[in-house]
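Take a look at the structure below.
Just so it is clear, none of the values below were taken in a lab; they were calculated from the coordinates. Please read these numbers as outputs of a predicted model, since none were measured by experiment. Positions of Cβ are generated from backbone atoms using ideal geometry, with glycine treated the same way; all protein chains shown enter the neighbour counts.
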Amino acid sequence: MTVGRLIALEGGEGSGKTTVWKRLKKDLMRSGRFLFCREPGGTEFGEEIRDILFSRQYDMLPETEFMLFMVSRLELFNKVIRPALARGRHVVTDRLDASTFVYQIYAHGLREFEELFRVVQRRYLKPIGDEDWLCPHYILLDLDPEIGLKRRQTAGDTNRFDEKEIKFHHTVRSGYKHFVARERYHTIIDASLSPDEVFKSALDVVLKLTEEGV
Ligand code: TYD
């Protein structure tokens, strides 16, 4: 049996990533060949971590956040994503490891954590060699954060991560470009286009990678 493809939607706040993910799910789920998941979360344990991360109750150190995102991903990757790919299902995830690199290491400046991040990446997420198939294809929705944050405010859909100053979000944008540049598989989509155009571009990439009809 052939293995599935792993596709990660990534992008800054208000880039339309979650909207695209939901539309892809709606169109592709019924084929039975796709699995859709999101980060942080995606497992029962991971959803609890998600609640803690999004709660305003705790004043967490960026280092603590880093660890929690990593723990949530280890569970999701090894218990859900890897087995699904091995069974030939394609996985489309709303965020993956690029988010931790960009938000925690690059934008929060936890550069000393990059080594640990890379070790975990190589050991648990995309081992080099005969497990190349685990290598994700990143679809980056690239958008000026001024536009992204306005979209979020208009939609009334903000979380504590959106409340950082604009400079942080500009760093997130450049961090993403920096991250995908060294990844084997990636596509950058201009997320300032209309929602339909962005969705269509993302769908084209997914269909091309998975050779599926809708
Ligand atoms: P969420 O509400 O899931 O939605 P969206 O992806 O549409 O913004 O927000 C996830 C937030 O968590 C987002 O602000 C980025 C942050 N995040 C990290 O900082 N590091 C990570 O590793 C992940 C997965 C997310």
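Structure data summary
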| quantity | calculated |
| --- | --- |
| Fully extended contour minus Cα-Cα distance, from Leu193 to Met29, at 0.36 nm per residue | 56.5 nm |
| Cβ-based net charge around Trp21, under 13 Å, with every Lys or Arg adding one and every Asp or Glu removing one | +3 |
| Computed label-point distance, nm, for sites Thr18 and Val119 using a 7 Å Cα→Cβ extension | 3.4 nm |
| Estimated 222 nm signal from helices in the chain, with DSSP H stretches of n ≥ 4 weighted -39500 (n - 2.57), rounded to 500 | -13500 deg cm²/dmol |
| Net lengthening on full extension, Ser174/Glu48 (0.36 nm per residue, minus Cα-Cα) | 42.3 nm |
| Distance from the range 28-47 to the range 102-171 (C-alpha centre basis), Å | 19 Å |
| For the range 6-210, with +1 on Lys and Arg beta carbons and -1 on Asp and Glu, the positive-most of Leu110, Trp133, Leu207 along the dipole | Leu207 |
| Theoretical FRET efficiency, 1/(1+(r/R0)^6), r = Cβ-Cβ of Glu211 and Glu63, R0 35 Å, to 0.05 | 0.25 |
| Unit charges at the beta carbon, dipole of the chain: most positive-side option, Val91, Ser72, Pro145 | Val91 |
| Percent breakdown of C-alpha pair distances by 5 Å bin, ordered from the shortest bin, for the range 6-210 | 1, 7, 15, 20, 23, 18, 11, 4, 1, 0 |
| Simple Cβ-charge dipole of the chain, Lys/Arg +1 and Asp/Glu -1, about Cα centre, in debye nearest 20 | 540 debye |
| Selected from Gln121, Gln104, Gln57 as most flexible by GNM, with the chain as the system and alpha-carbon contacts under 10 Å | Gln57 |
| Net dipole in debye of the range 104-164 [+1 Lys, Arg Cβ; -1 Asp, Glu Cβ; about Cα centre; nearest 20] | 160 debye |
| The range 36-69 residues near the modelled Arg87 label - backbone nitrogen below 17 Å, point 7 Å along Cα→Cβ | 36-38, 42-44 |
| Lys pairs under 14 Å by Cα in the chain, provided they are eight or more residues apart or on distinct chains | 7 |
| Only Lys, Arg (+1) and Asp, Glu (-1) charged, at Cβ; the range 6-77 dipole about Cα centre in debye | 680 debye |
| Relative contact order computed over the chain (Cα-Cα under 8 Å; 6+ residues apart), in percent | 34 percent |
| Net +/- balance of residues flanking Phe69 in space, Cβ distance below 10 Å, scoring K and R +1, D and E -1 | 0 |
| Isotropically averaged projected area of the range 99-214, using the convex hull of Cα atoms (one quarter of hull area), nm² | 8.8 nm² |
